[in-house]
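Report on the structure given below.
The values are calculated or read from the model by the stated rules, or taken from the named source; none is laboratory data. Not measured: the values here are computed from a predicted model. Here Cβ is always computed from backbone atoms with ideal geometry, including for glycine, and neighbour counts include all displayed protein chains. Remember, those area values only see protein heavy atoms, side chains included, never the ligands or the DNA or RNA. Shrake-Rupley method; radii C 1.70, N 1.55, O 1.52, S 1.80 Å.
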Amino acid sequence: MIRESAIRIPFRYAAGGAGSRFLAALRDERRILGARCDGCRRVFAPLRSFCSSCGASPLEEIALGPGGRVEAWTARADGTVFALVRLDGADTALLHRLVGLPGEPRRGMRVRARFAAERRASILDIAGFEPEEGASA
Ligand SMILES: [Zn+2]
């Protein structure tokens, strides 16, 4: 017999220097920070301390978005929609949720970060990404 269940495993870990700077910028400046590699020119979202492509370090800190495009999405049974959003200026995508959708999202649609009213240095300081004004959904 097989008994199915789920185990909840809460955990905490140090965000590190780059991760802490990224979270503080969300909270204090409503900015989404990324990193540009001088070695291979890749731009990563979020901010990181070294290039995972060529190994260069340190990387240049740059602001990304707040607009971007949906690269892929999926919906949970409760209706929450998660997406990989490639912020303007970035070569990598950020996983977050989509909010304020008038209908089903589509790949390539323009979205923009909606910041939470109360921010506490968490990835949820971005409440979600919503369709850009004037963008067709
Ligand atoms: Zn590089």
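Of all segments of the chain bounded by GluC sites (Glu not before Pro) found in a DSSP loop with no more than 12 other C-beta atoms within 10 Å, the longest spans 5-117. Summed over qualifying helices (DSSP H, 4 residues or more, each -39500 (n - 2.57)) and divided by its residue number, the chain shows a 222 nm mean residue ellipticity of -3500 deg cm²/dmol. For the residues 50, 115, 11, a GNM of the chain with alpha-carbon springs under 10 Å puts the largest fluctuation on 11.
Return the single residue from 65, 19, 55 with maximal mean-square fluctuation; model: Gaussian network over the chain, springs between Cα atoms under 10 Å. Per the Cα network of the chain with a 10 Å cutoff, 55 tops the list. Taking every protein chain into account, the accessible area of the chain amounts to 64 square angstrom per residue (probe 1.4 Å).
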